[in-house]
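Okay, so here's the structure we're looking at.
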Amino acid sequence: MTLTAPETVPTDRRSPRASLDAAVGYLRGIQHPKGWWQGRLDTNVTMDAEDLLMREFLGIRTAEETEQAARWIRGQQRGDGSWATFEGGPGDLSTTVEAWVALRLAGDDPAAGHMRAAARFALAAGGLEESRVFTRIWLALFGLWSWDDLPDMPPELIFLPAWFPFNVHDWSCWARQTVVPLTIVATLRPCRPLPFGIDELRSHADPPPLHKPWTWAGAFQRLDIALHAYSRRPVGPIRRLAMRRGAEWILARQEADGSWGGIQPPWVYSLLALHLLGYPLDHPAVKAGIDGFERFMVRTETPEGTVRMLEACQSPVWDTCLAVTALLDAGVSPEDPDVVRAAEWMLDEEIDVKGDWAVRRPDLAPGGWAFEFDNDGYPDTDDTAEVVLALRRVTHPDPDRLRGAVDRGVAWTVGMQSKDGGWGAFDADNTRELITKLPFCDFGAVIDPPSADVTAHVVEMLAHEGLAGSAACRRGVRWLREHQEPDGSWFGRWGANHVYGTGGVVPALVAAGVPASDPAIRRAVTWLQRYQNADGGWGEDIRSYVDRSWIGRGGSTASQTAWGLLALLAAGEERSAAAERAVRFLVDTQRADGSWDEELYTGTGFPGAFYIRYHLYRMVFPVSALGRYVAALSPGEPS
């Protein structure tokens, strides 16, 4: 569901209260009749390029869907010929290579201006030879890159026990679900040539020399050489058993909607692996997987024709719990029909089966919530904490049912605490960094260690559940204190970036009993004041993940301004000049219909590689911030 609205009009007549009321009305208006909210998720064109390549490989690509996707890809090209991974960001080599190949598949002439510009950018950035491993895997599927020149990933990994280095549970859940099918694809080494080449993108540079053998990079390069040698002459029965075991592992993790984990990377590679193992296109698992993509397609009518975009994932549970919290923060009654309907939907989404997380926590009872519509195998502590924070405030007609779900969610989340006291999103103690040294791992985050934003959300949830004095909460508070940055901020793993982390940690610490006068809180407030923009808002460019000079810097956005304001309010700064300026920014930039614009990306998938624009962030966080601001003012004061 895309949030659109008329042009912005002057809003100087609105008070914060009036602005809040308008935003609440807008938020109510986009709730689904069944109770949930879902904003569109924008990522980058690799989703669409890989979708076309997958369909070409499977032999199911149609002219209509190709042209619709090509319109989207062309429309996202930057002036320098490249494609970026986020709005306003620099061109990205791998994204540009995949977009160029997809457009060639769509029939675009390599001599056309936009194609020549893309090729020039790619060559200036190092050409195919410098692209990511995942990009070169896609090229290898069509004979455009040699499998010999890719890192080897033996399917025998599936046999490694959980205590052994490099076992599949050392990977984060998103990487694990991708790696297992890729070991099958890379072992079978398929090649289905396309009717064109890609020499326009090759630099023809010689490969770099091996690193010194006593370095991690050098050691793993030599391990890769040994694995390639083994793959040329594997132990036949063991390899065949590994392939069969891998297929069983994949099939066991397919979700009800046909996806794998509700996210694009493991989904496409699982389909490729099953197809290569001989599963026909009409096999129930394969058919469900292909058909399931339709739910993730966003189509828009334009003067040039239909534009088709593939969402990399969907976030209805996350959107719904944040929307409920926002409405309640705005003063909506906990008995309100919209709130109760949303709570009922969230209760239906509770996960009551064990998933991969149970490998590290075998005695822990299931509970909690996932991010997506269908992802029973991978609930996460972040969604669960935010769902509990929302549900606990709702007056539900069946209070015992609600309380039972909340209690199970709390118990499961506490059980997922890592040994160091923090919380990762999907697994406990998923911290073995050795796996990040593999030559294969150049595509972003491949482990799921504790992060400040997730730990903060859990600590805040425990505090509001009356568990601030529990050992788990105290350890979480200690972890947050230990991970405050020297400048007073906190790193944001799942949102951009230090503004997100700081906006989450300060309310959590205060809820857990840390006084607003505590030095950690005061340093955070000082950091926020230092980086507040002249217009009163906050913004942090995605580039802060790779370039520290961007930390705290960027164009103001509604969601990031709300994060900063939420922290100030928690710290008792509601009457400060910084808070008043932030409120004025939100009021003055609000559209006539109560919504806000937000073109910049403020969500994070893989720091340094993959980013998200959540269309609902521009609503839920400003509503929460304005609601808490209005509530913090004395009743007699104008608002």
Practice problem: Only residues that are in a helix (DSSP H, G or I) and more than 18 Å from T381 (Cα to Cα): list them for the range 470-484, please. | Solution: R478, R481, E482
Quiz item: Restricted to the range 605-639, and to residues that are among the polar types (S, T, N, Q) and at pLDDT below 95, which residue is surrounded by the most Cβ atoms within 10 Å (Cβ to Cβ)?
Solution: S639
Quiz prompt | Hey, V317 in contact (Cβ under 8 Å) with a residue 60 or more places away in the chain, under 18 Å from the mean Cα position of the chain (by Cα) and either closer than 27 Å to M47 by Cα or crowded, with 19+ Cβ neighbours inside 10 Å (or both) or not | solution = yes
Exercise. Return only the number of the condition from (1) part of a helix (DSSP H, G or I); (2) over 22 Å from N167 (Cα atoms) that L251 does not satisfy.
Key: (2)
Quiz item: Out of (1) outside any loop (DSSP other than H, G, I, E, B); (2) farther than 27 Å from K419 by Cβ, what's the single condition that is false for D487?
Solution: (1)
Quiz item: Within the range 570-613, restricting attention to residues that are basic (K, R) and under 25 Å from L633 (Cα atoms), which residue is nearest to the chain's Cα centre (by Cα)?
Solution: R591
Quiz item: Which ones in the range 153-170 are touching a residue at least 12 places away in the same chain (Cβ under 8 Å), farther than 27 Å from L52 by Cβ and not in a helix (DSSP H, G or I)?
Solution: P154, A162, P165, F166
Quiz item: Here are L600, L586: which of them is at negative phi, assigned to a helix (DSSP H, G or I) and of a type in the set (A, V, I, L, M, F, W, C)?
Solution: L586
Quiz item: Looking at the range 286-306, which of its residues are over 14 Å from Q264 (Cα atoms) and of a type in the set (V, I, T)?
Solution: V286, V298, T300, T302, T306
Quiz item: Considering only the range 198-226, how many residues are modelled with pLDDT of 85 or more and closer than 16 Å to L157 by Cα?
Solution: 1
Quiz item: Limited to the range 294-321, what total is found for residues that are out of contact with any Leu (no Cβ under 7 Å at 6 or more places or on another chain) and part of a helix (DSSP H, G or I)?
Solution: 7
Quiz item: Residues that are without any contact (Cβ under 8 Å) to a residue 12 or more places away in the chain and either within 22 Å of E599 (Cβ to Cβ) or among the small types (G, A, S) (or both): which helices (runs of 4 or more DSSP H) entirely in the range 12-113 hold 2 or more of them?
Solution: 16-29
Practice problem: Tell me which residues, restricted to the range 407-459, are in contact with a strand residue (DSSP E or B) (Cβ under 8 Å, 6 or more places away or on another chain) and outside any loop (DSSP other than H, G, I, E, B). | Solution: N430, D448, D453
Quiz item: Conditions: (1) in contact with an Asp or Glu (Cβ under 9 Å, 6 or more places away or on another chain); (2) crowded, with 24+ Cβ neighbours inside 10 Å. I551 meets all but one. Number of the miss?
Solution: (2)
Quiz item: So which of A496, A472, A512, A524 is touching a residue at least 40 places away in the same chain (Cβ under 8 Å) and under 11 Å from I551 (Cβ atoms)?
Solution: A496
Self-check item: Positions within the range 152-197 being of a type in the set (S, T, N, Q) and buried (at least 21 other Cβ atoms within 10 Å of the Cβ), in sequence order
Solution: S172, Q177, T178, T183, T187
Self-check item: Single match in S231, S259 (criterion: in contact with a Ser or Thr (Cβ under 8 Å, 6 or more places away or on another chain) and of a type in the set (S, T, Y))
Solution: S231
Practice problem: Give the number of residues within the range 347-383 that are in a helix (DSSP H, G or I) and without any contact (Cβ under 8 Å) to a residue 60 or more places away in the chain. | Solution: 3
Quiz item: If the Cβ limit is 8 Å and pairs must be 6+ apart or interchain, which residue in the range 595-607 that is under 9 Å from G495 (Cα atoms) pairs with which residue that is among the polar types (S, T, N, Q) and surrounded by fewer than 24 Cβ atoms within 10 Å (Cβ to Cβ)?
Solution: G605/T43
Quiz item: in the same structural domain as A63 (by TED's automatic domain parsing), in a loop (DSSP other than H, G, I, E, B), within 20 Å of the chain's Cα centre (by Cα) and under 18 Å from I60 (Cβ atoms) - does that describe any residue in the range 266-284?
Solution: no
Exercise. Output the residues belonging to the range 207-218 that are assigned to a helix (DSSP H, G or I) and either exposed (fewer than 12 other Cβ atoms within 10 Å of the Cβ) or without any contact (Cβ under 8 Å) to a residue 24 or more places away in the chain (or both).
Key: G218
Quiz item: What are the residue pairs meeting all of these: first residue in the range 191-206, first residue in contact (Cβ under 8 Å) with a residue 24 or more places away in the chain and on the phi > 0 side of the Ramachandran plot, second residue part of a helix (DSSP H, G or I) and surrounded by 11 or more Cβ atoms within 10 Å (Cβ to Cβ), Cβ atoms under 9 Å, and 6 or more apart or on different chains?
Solution: H204/E129
Exercise. Could you grab the pairs with beta carbons closer than 8 Å, sequence gap of 6+ or different chains, first residue in the range 258-269 and over 15 Å from L281 (Cα atoms), second one β-branched (V, I, T)?
Key: W260/I250; P265/T178; P266/T178
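For (1) in contact with a Pro (Cβ under 8 Å, 6 or more places away or on another chain); (2) crowded, with 21+ Cβ neighbours inside 10 Å, each residue gets a yes or a no:
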| site | (1), (2) |
| --- | --- |
| V353 | yes, no |
| D356 | no, no |
| T381 | no, yes |
| L391 | no, yes |
| P399 | no, no |
| L402 | no, no |
Quiz item: Counting just the residues of the range 321-367 that are aliphatic (A, V, I, L, M) and touching an Asp or Glu at 6+ places or on another chain (Cβ under 6 Å), which one comes out farthest from H32 (Cα to Cα)?
Solution: V353
Quiz item: Out of all the residues in the range 464-485, which are buried (at least 24 other Cβ atoms within 10 Å of the Cβ) and either outside the structural domain of T413 (by TED's automatic domain parsing) or of a type in the set (G, A, S) (or both)?
Solution: G476
Practice problem: Quick one: in the range 411-434, of everything that is of a type in the set (A, V, I, L, M, F, W, C) and at pLDDT 95 or above, which residue is surrounded by the fewest Cβ atoms within 10 Å (Cβ to Cβ)? | Solution: A411
Quiz item: Name the residues in the range 509-548 that are of a type in the set (K, R) and either within 21 Å of the chain's Cα centre (by Cα) or surrounded by fewer than 16 Cβ atoms within 10 Å (Cβ to Cβ) (or both), would you?
Solution: R522, R530, R543, R548
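The values are calculated or read from the model by the stated rules, or taken from the named source; none is laboratory data. Note that the structure is predicted; figures quoted are calculated from it, not measured. Using ideal geometry, Cβ is built from the backbone for each residue, glycine included, and neighbour counts are taken over all protein chains shown.
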